[in-house]
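All of the numbers you see were taken from the coordinates with simple rules; none came from a lab. Worth saying up front: this structure is predicted, and the values here are computed from it rather than measured. Note that each Cβ is placed from the backbone with ideal geometry, even for glycine, and that neighbours are counted across all protein chains shown.
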Amino acid sequence: MRINQVHVWCGMKTYIFKVKLKHDKRVWRKIEVLGSQTLDDLHMAIHEAFDFDADHLYSFFMSGKARDDSDFEYYHPDAAP
């Protein structure tokens, strides 16, 4: 997932992400979120866009590389650190 574009709409910044499935990169969605929304909101938008159940924990790695200990990780609030 990466940020494709940043827009300003009615004075509010929005971010557009291109999200691809790990097992099939041909399947993707563009998801736009407000700058004021959280990563939890982004998680829910991804699940809605792909029609997934939100029944598992998640992590976002700011480096874009999963399990990269050298960078910041944001994880589901119910996950143990």
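Within a 10 angstrom radius of the beta carbon, how do 23, 43 rank from fewest other beta carbons to most?
Arranged by neighbour count, lowest to highest, 23, 43 become 23, 43.
I want the local charge near residue 47. Using Cβ-Cβ distances under 10 Å, sum +1 for each Lys or Arg and -1 for each Asp or Glu among the other residues.
Values: positive: none; negative: 48, 51, 53, 55.
So the surrounding residues net to -4.
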